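Here the structure is laid out as structure tokens; the discussion comes afterwards.
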Amino acid sequence: TIVCGFLSCDLRPFNPLVAALPRLLHLRAADGGRWIAQFLQQAVVESHSNRPGSEAMLARMSEMLFVDAVRRHVEALPPEGTGWLAGLRDPAVGRVLALLHTKPAADWTADGLASAVNMSRSAFAERFTQLIGAPPMRYLTNWRMQLAASKLRDTRQSIAQIAFGVGYESEAAFNRAFKREYGLPPARYRREKAGQRAEAPSSGERVSENRR
């Protein structure tokens, strides 16, 4: 019996977790404890039932399985490994990654990040770049742009609100940074994404096409 599932996520403009994972990840259920097999059996039951809340249950169960798969993959990585997942395991780099992701709008500086983990600026920058593949402030810019792009697509916040929400002191500075990253200003990016959604077929149309 093959049980298939699907999780969607934004790969662009910046998704360090997915980028750090191998294209194929094989994890044995037996290595994860008895709960994995029982969990999958329950997922099959939920997928065949029409009970209220089944869709929400399946979504949460899929997320839990994904988190467990990533966790087991991280635990199996060699100690000398590099990359975003290896950075999470590093006490200093992992701490800074948590700070950047939870407080992206803070007025971070290279000195401030190094001080937060009791390291010199040069030593921390070297360690961070070695593991992550980019300097800390470059990584912060990438993460801010990811958050901004998501807000442009999925919210009605103004450009100024989004700019301040991801750590820019002015809308003009945010516009320059966004255009430098993606080649077009945020307002145009929002219009293009809205147009793409309007042109996409509805879920009902996609189902009927698949059945044909």
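Please treat every number below as a calculation from the coordinates, not as lab data. This one's a predicted model, so the numbers in the text were calculated from it and none came from an experiment. Positions of Cβ are generated from backbone atoms using ideal geometry, with glycine treated the same way; all protein chains shown enter the neighbour counts.
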key: Note, ³J(HN,Hα) from phi for segment 14-27, Karplus 6.51, -1.76, 1.60, rounded to Hz, x at Gly and Pro   = 7, 9, x, 5, 5, 5, 7, 7, x, 5, 10, 10, 10, 10
query = For the chain, with only Lys/Arg (+1) and Asp/Glu (-1) charged at the beta-carbon, what is the dipole magnitude about the Cα centre, in debye rounded to 20?
reply = 440 debye
query = What percentages, rounded to whole numbers, describe P(r) for segment 69-212 computed over all alpha carbon pairs with 5 Å bin width beginning at zero?
reply = 2, 9, 15, 15, 13, 13, 12, 10, 6, 3, 1, 1, 0
message = At 0.890 mPa s and 25 °C, plugging the Kirkwood radius over alpha-carbon pairs of segment 1-109 into Stokes-Einstein gives what diffusion coefficient in µm²/s?
response = 149 µm²/s
remark   = Here segment 69-75 yields Karplus 3J(HN,Hα) values (6.51, -1.76, 1.60; θ = phi - 60°; whole Hz; Gly and Pro given as x) of 5, 5, 4, 5, 5, 4, 5
ask   = How big is the gap, in Å, between the Cα center of segment 87-124 and the Cα center of segment 1-72?
value = 31 Å
task = At q = 0.12, 0.24, 0.27 Å⁻¹, work out log10 I(q)/I(0) for segment 77-148 with the Debye formula, treating every Cα as an identical point scatterer and leaving solvent out; two decimals please.
result = -0.28, -1.10, -1.35
